[in-house]
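First comes the structure, then the notes that go with it.
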Amino acid sequence: MSQPPPTADELGRLLLPLADEIEAARAVPEGVLETVARSGALAAMVPAQYGGRPLSYQEYGELNRAVARTSASLQSLLTVHGMVCASLSRWAPERTRQRLLPRLASGELLGAFGLTEDSAGSDAQAIETTATPDNPAGAGAADAVWRLDGVKRWLSFGQVAHCFLVFAKHGDRSVGFLVRRDDPGVTVVPSRRTSGFRSAMLADLHLDGCRVPADRMVGRPGFGVAQVASGALSLGRLCVAYGSLGLAEACCDAMLGHTSSRKQFGGRLIDLQLVRGLVSDAVLDTEAARLLCEQAARAMDAQDDWLIHHVLTAKLAASRAADTAASAAAQLHGAAGLVDGGPVDRWVRDARVMQVIEGSTQLLQHLLAEESLQRFRVRRRHPRYPFAQGADRVE
Ligand SMILES: Cc1cc2nc3c(=O)[nH]c(=O)nc-3n(C[C@H](O)[C@H](O)[C@H](O)COP(=O)(O)OP(=O)(O)OC[C@H]3O[C@@H](n4cnc5c(N)ncnc54)[C@H](O)[C@@H]3O)c2cc1C
């Protein structure tokens with residue numbers, strides 16, 4: 001009988017001793033990728049009928065949290081691979097699901113997510129990659145092919161991924177495609193190095209007359225950014241929120257450990273009031289982030305109409321908590337917190353990234369204010385509409 005998959009915390013404990021190796025290599029070693037694949041983590045967003053081991057969003061969130069305690073870079077693989085699997089499961093033609101999902105679930109194939117371009121960062125609708133039908137005269141529907149041209153930037157794990165979910169414009173409508181690394185016209189180039197997420201093996205994807213069969217279209221024209229990418233981004237934001245939570249927890253543990261053992265002025269650092277202020281702020285933000293993450297994951301599991309709202313609050317709060325906790329940890333470790341490549345230095349750099357990826361803090365603030373404004377308008381018409389999900393009615 002096959003072994004049951006490890007729990008999130010078991011996987012976290014298995015990976016923890018590898019944290020420094022992953023960071024120093026500026027890559028996730030193949031053996032670590034195999035460990036993650038064997039754990040079933042890559043199958044979590046694939047339905048059982050395609051060989052997956054589906055987890056609830058709460059369980060997947062916990063997995064992301066546990067992995068991020070070791071390496072935020074490695075956790076970002078769960079983010080993007082999960083986004084690709086979930087998008088294919090929902091939007092790809094049945095033939096493509098049957099062909100690819102079992103191999104993505106086993107980790108034989110790794111998936112990367114290609115939305116960002118030079119012209120399109122926060123403004124995803126501004127993508128300029130083009131998708132054009134490219135069928136020789138007389139070709140039947142079964143032979144239909146699309147031609148993709150453009151450059152996608154900053155794909156996490158793009159250096160090692162076998163397939164890429166990309167978004168392009170067909171006229172003024174956006175559309176998703178699954179591109180294989182060995183498709184004609186595909187070139188993968190490592191991206192410029194980033195200070196945080198050093199080991200996320202970022203790559204740029206050049207599509208130069210890349211020809212893709214029509215059955216690898218994901219969603220239909222018009223659905224690309226608005227439906228397929230935005231659904232994937234909700235999952236991505238939840239993963240980043242839980243990843244930030246894991247990072248913040250690691251920082252809190254490190255600062256509690258350090259300040260309770262380090263002695264200055266004849267006593268422990270933790271007994272100094274100003275130190276307690278920094279520690280308690282970090283703990284408070286981290287615990288608040290945990291509640292918001294759990295609330296968001298529950299909303300995703302229930303697919304309720306507060307989903308977007310709760311995912312935004314979770315990602316905003318948790319990425320800020322990670323930043324607060326990482327900078328407090330760095331401050332309280334003194335010189336030891338500034339050691340190049342040490343864990344505290346890594347957390348500070350990785351926490352910065354958490355506030356940029358899957359929607360920057362400012363973009364999410366904009367979206368949250370907009371979403372809240374819409375709910376306010378409803379509340380003005382219907383005084384019983386709650387101020388927050390589950391809250392008592394507001395008169
Ligand atoms: C480590 C890493 C991994 C990544 N992985 C992927 C990946 O796998 N796939 C992928 O497609 N992309 C990926 N990206 C790209 C990432 O999604 C973009 O960096 C992000 O969307 C922001 O886009 P930008 O960098 O072009 O910043 P811009 O869009 O130029 O924004 C710059 C800043 O302007 C401000 N700003 C932007 N919009 C608003 C607004 N509406 N209101 C107020 N302020 C605003 C914010 O402060 C923002 O940080 C990755 C990036 C990094 C660093």
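Total residues in the stretch 341-359 satisfying the condition of being more than 18 Å from A296 (Cβ to Cβ), near the ligand (Cβ under 9 Å from one of its atoms) and in a loop (DSSP other than H, G, I, E, B): the figure is 1.
Looking for something in a helix (DSSP H, G or I) and within 16 Å of the ligand (Cβ to nearest atom) - is there at least one such residue anywhere in the stretch 374-392? No, because not a single residue in the stretch 374-392 is in a helix (DSSP H, G or I) and within 16 Å of the ligand (Cβ to nearest atom). Scanning the stretch 15-48 for residues that are outside any helix (DSSP H, G or I) and surrounded by fewer than 16 Cβ atoms within 10 Å (Cβ to Cβ) yields R26, P29. Being away from the ligand (no atom under 11 Å from the Cβ), outside any strand (DSSP E or B) and touching a strand residue (DSSP E or B) at 6+ places or on another chain (Cβ under 6 Å): is that true of Q75 here? No: the conditions fail for Q75.
Selection over the stretch 350-372 of residues that are more than 30 Å from R26 (Cα to Cα) and in contact with a helix residue (DSSP H, G or I) (Cβ under 8 Å, 6 or more places away or on another chain) gives a count of 5.
Exactly one residue out of L332, L316 is modelled with pLDDT of 95 or more, within 16 Å of the ligand (Cβ to nearest atom) and buried (at least 16 other Cβ atoms within 10 Å of the Cβ), and it is L316.
State whether the residues of the stretch 130-144 include one that is in contact with a helix residue (DSSP H, G or I) (Cβ under 7 Å, 6 or more places away or on another chain), near the ligand (Cβ under 9 Å from one of its atoms) and either modelled with pLDDT of 95 or more or not in a strand (DSSP E or B) (or both). No, the stretch 130-144 contains no residue that is in contact with a helix residue (DSSP H, G or I) (Cβ under 7 Å, 6 or more places away or on another chain), near the ligand (Cβ under 9 Å from one of its atoms) and either modelled with pLDDT of 95 or more or not in a strand (DSSP E or B) (or both).
Total residues in the stretch 161-184 satisfying the condition of being out of contact with any Leu (no Cβ under 6 Å at 6 or more places or on another chain) and in a loop (DSSP other than H, G, I, E, B): the figure is 6.
Any residue in the stretch 202-214 that is farther than 16 Å from D149 by Cα, within 10 Å of the ligand (Cβ to nearest atom), of a type outside the set (D, E, K, R) and assigned to a strand (DSSP E or B)?
yes
The values are calculated or read from the model by the stated rules, or taken from the named source; none is laboratory data. Bear in mind that the values here come from a model prediction, so they are computed numbers and not experimental data. Here the Cβ is made from the backbone with ideal geometry for all residues, glycine too, and neighbour counts use every protein chain on show.
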